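Asker: One structure follows; several queries about it will come next.
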Amino acid sequence: MTKIGAQILLECLEREGVDVIFGYPGGVVLPIYDKLNLFKIRHYLVRHEQNACFAAQGYARSTGRVGVCMATSGPGATNLVTGLTDAYLDSIPVVAITGQVSTHLLGTSAFQEADTIGITRSCTKHNYLVPSVEELPAIIHEAFYVASSGRPGPVLVDIPKDVLLKAAEMTELKEMKLPGYQVPEQGDPAEIRQAIALIWNAERPVIYAGGGVIHAGASKELRELAEITGIPVTTTVMGLGGFPSVHPLSLGMLGMHGRFATNQAVIQSDLLISLGVRFDDRVTGALDRFAKGAKIIHVDIDPAEINKIVKADAPILGDVKRVLVELNRQLRETSKESAPKKQQARDAWRAQIAAWQKEHPLKYEQSKTEIMPQALLEEIVRLTQGDAIISVDVGQHQMWGAQYFQFNEPRLWLNSGGLGSMGFGLPAAIGASVAHPEKTTIAFVGDGGFQMSLPELGTLANYNLPVKVVIMNNQYLGMVRQWQELFYQGNYSEVEFPIFPDCEKLAAAYGIPGKVIDKPNQLTDALKKAFSTKGPYLLDVRVAREENVYPIVPSGGALEDMILEPKAKLTSAGKSKP
Amino acid sequence: MMQAISLLVENKPGVLARITGMFTSRGFNIESLTMAPAEEPGLTRITVLIAGCNENQRVQLVKQLEKIVHVVEAVDLSAVKMVPRELALVKIDVAAEQQINFLNHVNAIGAHLVESAPPSYTVELVGDGDTLSEHISSLKKFGKLKVARSGMLAMVQGQKDAKVESVKS
């Protein structure tokens, strides 16, 4: 039976197991929207295409499956660009479907024409302009394979309107021919043996785990590695949840806002077991002084990451999970004989780290009059007990989140780690909530990022999604203000938002419950109310305005240059607007 | 100092743009680029010449190029033995009294006369880039030149699979 391209597309999506699309209609994708009701796929209509891509990411990040977004040609496609770039930097599997003007109009500056393939070439893992309806099934299948295999990433499929309208036969899947695309799997046994020797010979080892552990589904294997060897684990902001926060070997996040003990452990380590990480500048600080005494084991599925920033002594190319399974097997086999060799040194090492932790825990000054941001985070942790999806924006609240929130499972912490896109938190929470309607999903955002994603309150209300929007509101771009305070002599240039909507009225305008609080004694009740209310909730928490995130490694500094606490804090007077 | 990278790619729409994008996004300017069908149908061989790219940068560039879905193989030719060749067509107007000298010189440098319409001549030169440059320079004394060069082609010497090495380095 012949069908038009739009139907074939939707059938292909179903064949790939797609149950949800986040999208926004427009001229050239109308043939798809016209056929949507013939399929089981649920479409969520967002308020801006950028948020369709972020929502698809929220779906993908919280499930590990490919998230799908859809937009029309021209402005629809260009609005996806930030979301795609974000997915590219964090290796999130997303397939974006865009409409394009009809083939005969390509390159004529037709209405709503943009060179989507050209524009998205550098922010996707791969992209396709579909030349004919006959090629559509193979391209869709390939797109999902490329997005989800190896190092995952976003793939865009651009489909001209005439292709969507042309009738053709739906074809059976043929074997893919991708001679240039190889996915490394098992690590090289010789390289693994080399790593085993390094592990047993180390006196001050640290495991440094990143987003690759979560993408590979290797949390269990990571935990086994830590427990077999007794080696403490630090994670990157992308790796949070890959190792249980409450585990005695957990060191939390390292890097620019890492704890003192964690960064000390990395600085003084003699072996860094690096798993699915890319030695980002926010992690390493000044490279010439990063873990100078450490040998490096680096496991990654992307050959281009190995030796990119730091030369590895034992590079292992492969899927982190498969490599860890083999590594752990060999470690178990050799443990009886090899573990006692360095036992004493390693006990001393863990004791040293514990002493550092005791010496410089995370701390902040409590207040009875103002809600301290950290107190807000601690209360969320206490009330959720780590059993909630938390989707954050970018800035101070994100870094406090990375320090204070506790995750005992992967895929509960959603954040824009690489690109650092403000406006990510709320739409990503929408995507996660659609995938996990039974779970409490918190969009924990700053007042700046919230205002970038505010229209999505409409989507929340529309679908009555149980997303609790908690705004950590200091009426500043908090992290920018912090940098201006610490590194730009307190020159607060264009960083304040004195006007912010009354969130009780704003929520009411969307027909959802909302509350504004500013007193510490309101905090517990307000959070409990937000979390126990069915459906969406908007909670605006007015916090101490000029609190800073500590520790902080100054930009360009080394980890050892971290600033632990405020030096006699300047008062607002004289540096802020009157 | 020039460095060369050889690529074997699937001949798919946009593949050249993806490759050149990989160079430009890392701040490298392409000095020459040749692209034509390779031994198997559907495959194209590309040779790219760049300047000022150190070994670490080249290793990273090759790995990133290999990540492009349609790139089957990328080899840093600076790291292997190779045979470089380039073709040039040089058109020149030669004064009547110089014509005998000119034709003798063309023979002496191993060039071929491919068009002769006195006073205009076109000669074809084949060789490695440096030799070509020298020979082209030597023709200048006979008149004003128009030069079309193909850019470098290269073939890896011997049978060793250079690809494996480039991935592991």
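Asker: State the number of residues belonging to segment A:174-201 that are charged (D, E, K, R), more than 11 Å from chain B (Cβ to nearest Cβ) and part of a helix (DSSP H, G or I). Can you show your working first?
Answerer: Initial filter on segment A:174-201 (charged (D, E, K, R)): A:174-175, A:177, A:185, A:188, A:191, A:193.
Next, only the ones that are more than 11 Å from chain B (Cβ to nearest Cβ) stay: A:174-175, A:185, A:193.
Imposing the further condition that a residue be part of a helix (DSSP H, G or I) reduces the set to A:193.
So the answer is 1.
Asker: Of all residues in segment A:205-228 being surrounded by fewer than 23 Cβ atoms within 10 Å (Cβ to Cβ) and of a type outside the set (A, V, I, L, M), which is farthest from the chain's Cα centre (by Cα)?
Answerer: Top of the filtered list is A:GLU227.
Asker: Residues of segment A:219-249 being assigned to a loop (DSSP other than H, G, I, E, B), hydrophobic (A, V, I, L, M, F, W, C) and out of contact with any Asp or Glu (no Cβ under 8 Å at 6 or more places or on another chain), which ones? Give the derivation first.
Answerer: From segment A:219-249, those assigned to a loop (DSSP other than H, G, I, E, B) are A:230-232, A:236-249; that's our starting set.
Narrowing further to those that are hydrophobic (A, V, I, L, M, F, W, C): A:231, A:237-238, A:240, A:243, A:246, A:249.
Listed by number, the residues that qualify are A:ILE231, A:VAL237, A:LEU240, A:PHE243, A:VAL246.
Asker: Next question. Working carefully through the options B:MET82, B:MET22, B:MET1, find the one that is within 11 Å of chain A (Cβ to nearest Cβ) and in contact (Cβ under 8 Å) with a residue 40 or more places away in the chain.
Answerer: Numbers: B:MET82 fails: within 11 Å of chain A (Cβ to nearest Cβ); B:MET1 fails: within 11 Å of chain A (Cβ to nearest Cβ).
Only one candidate qualifies: B:MET22.
Asker: Scan segment A:479-506 and report the pairs whose first residue is without any contact (Cβ under 8 Å) to a residue 40 or more places away in the chain and whose second residue is crowded, with 16+ Cβ neighbours inside 10 Å and among the basic types (Lys, Arg), with Cβ atoms within less than 7 Å and a gap of 6+ or a chain change.
Answerer: Close Cβ pairs satisfying both conditions: A:VAL495/A:ARG481; A:GLU504/A:LYS515.
Asker: So if I check each of A:ALA345, A:ALA388, A:ALA354, A:ALA339, which one is in the same structural domain as A:GLY420 (by TED's automatic domain parsing), of a type outside the set (Val, Ile, Thr) and either closer than 23 Å to A:THR229 by Cα or in contact with a Lys or Arg (Cβ under 8 Å, 6 or more places away or on another chain) (or both)?
Answerer: Details: A:ALA345 fails: in the same structural domain as A:GLY420 (by TED's automatic domain parsing); A:ALA354 fails: in the same structural domain as A:GLY420 (by TED's automatic domain parsing); A:ALA339 fails: in the same structural domain as A:GLY420 (by TED's automatic domain parsing).
After applying the criteria, what remains is A:ALA388.
Asker: Let me ask another. Looking at segment A:11-23 only, could you name the residues that are crowded, with 20+ Cβ neighbours inside 10 Å and part of a helix (DSSP H, G or I)?
Answerer: A:CYS12, A:LEU13
Asker: Quick check on my filter: what residues within segment B:4-19 are within 14 Å of another protein chain (Cβ to nearest Cβ) and among the β-branched types (Val, Ile, Thr)?
Answerer: Residues satisfying the conditions are B:VAL9, B:VAL15, B:ILE19.
Asker: Under 6 Å between Cβ atoms, at least 6 apart or on separate chains: pull out the pairs that start in segment B:62-75 with a residue that is at the interface with another protein chain (Cβ under 8 Å from one of its Cβ atoms) and end on any residue that is in a strand (DSSP E or B) and of a type in the set (Gly, Ala, Ser).
Answerer: Every condition considered, the pairs that remain are B:GLU66/B:ALA74.
Asker: Do we find a residue being touching a residue at least 40 places away in the same chain (Cβ under 8 Å) and facing chain A (nearest Cβ under 9 Å) anywhere in segment B:29-45?
Answerer: The answer is no; no qualifying residue exists.
Asker: Okay, next question. Only residues that are more than 28 Å from the chain's Cα centre (by Cα) and not β-branched (Val, Ile, Thr): list them for segment A:516-543, please.
Answerer: Once the filter is applied, which keeps residues that are more than 28 Å from the chain's Cα centre (by Cα) and not β-branched (Val, Ile, Thr), segment A:516-543 yields A:ASP518, A:LYS519, A:PRO520, A:ASN521, A:GLN522, A:ASP525.
Asker: Another question, if that's okay. Specify the residue that is nearest to the other protein chains (Cβ to nearest Cβ); the eligible residues are those in segment A:121-157 that are of a type in the set (Phe, Trp, Tyr) and part of a helix (DSSP H, G or I). Break it down into steps so the answer makes sense when it comes.
Answerer: Step one: filter segment A:121-157 for residues of a type in the set (Phe, Trp, Tyr), giving A:128, A:144-145.
Narrowing the set further to residues that are part of a helix (DSSP H, G or I) leaves A:144-145.
Numbers: A:PHE144: 13, A:TYR145: 10 Å.
Looking at the filtered set, the residue picked out is A:TYR145.
Asker: If you don't mind, another one. Note down all Cβ pairs under 9 Å where the first residue falls in segment A:359-387 and is in contact (Cβ under 8 Å) with a residue 12 or more places away in the chain and farther than 16 Å from A:ALA402 by Cβ, the second is among the β-branched types (Val, Ile, Thr) and assigned to a helix (DSSP H, G or I), and they're at least six residues apart or on different chains.
Answerer: Every condition considered, the pairs that remain are A:GLU379/A:THR524; A:LEU383/A:THR524.
Asker: If the requirement is being in a strand (DSSP E or B) and either surrounded by fewer than 23 Cβ atoms within 10 Å (Cβ to Cβ) or modelled with pLDDT of 95 or more (or both), which of these qualifies: A:GLY258, A:GLY252?
Answerer: Values: A:GLY258 fails: in a strand (DSSP E or B).
On inspection, the qualifying residue turns out to be A:GLY252.
Asker: Residue by residue through segment A:158-173, note down the ones that are in contact (Cβ under 8 Å) with a residue 60 or more places away in the chain, away from chain B (no Cβ under 13 Å) and of a type in the set (Asp, Glu).
Answerer: Those that are in contact (Cβ under 8 Å) with a residue 60 or more places away in the chain, away from chain B (no Cβ under 13 Å) and of a type in the set (Asp, Glu): A:ASP162, A:GLU169.
Asker: Residues A:LYS292, A:LYS321, A:LYS342: which one is away from chain B (no Cβ under 14 Å) and assigned to a loop (DSSP other than H, G, I, E, B)? Working first, answer last.
Answerer: Numbers: A:LYS321 fails: assigned to a loop (DSSP other than H, G, I, E, B); A:LYS342 fails: assigned to a loop (DSSP other than H, G, I, E, B).
Step by step, each of A:LYS292, A:LYS321, A:LYS342 is checked, and only A:LYS292 is away from chain B (no Cβ under 14 Å) and assigned to a loop (DSSP other than H, G, I, E, B).
Asker: Can you pull out the residues in segment A:345-372 that are over 30 Å from A:ILE306 (Cα atoms), part of a helix (DSSP H, G or I) and touching a strand residue (DSSP E or B) at 6+ places or on another chain (Cβ under 9 Å)?
Answerer: A:GLN357
Asker: Here is a further query. Could you list all residues from segment A:74-99 that are farther than 20 Å from A:VAL46 by Cα and of a type in the set (S, T, N, Q)?
Answerer: A:SER91
Asker: Please return the ranges of strands (runs of 3 or more DSSP E) entirely within segment A:32-117 where 2 or more residues are within 22 Å of the chain's Cα centre (by Cα). Step through it out loud before you land on a result.
Answerer: Values: elements: A:42-45, A:67-71, A:94-100.
Strands (runs of 3 or more DSSP E) meeting the threshold: A:67-71, A:94-100.
Asker: Across segment A:158-173, which residue is nearest to A:GLU134 (Cα to Cα) among those that are assigned to a strand (DSSP E or B) and among the charged types (D, E, K, R)?
Answerer: Applying the first criterion (assigned to a strand (DSSP E or B)) to segment A:158-173 yields A:158-160, A:167-169.
So of that shortlist, the ones also among the charged types (D, E, K, R) come out as A:158, A:169.
Values: A:ASP158: 15, A:GLU169: 8 Å.
Out of the qualifying residues, it is A:GLU169.
The values are calculated or read from the model by the stated rules, or taken from the named source; none is laboratory data. Small disclaimer: the values here were computed from a predicted structure and weren't measured. Glycine also receives a Cβ, built like all others from the backbone with ideal geometry; neighbour counts cover every protein chain displayed.
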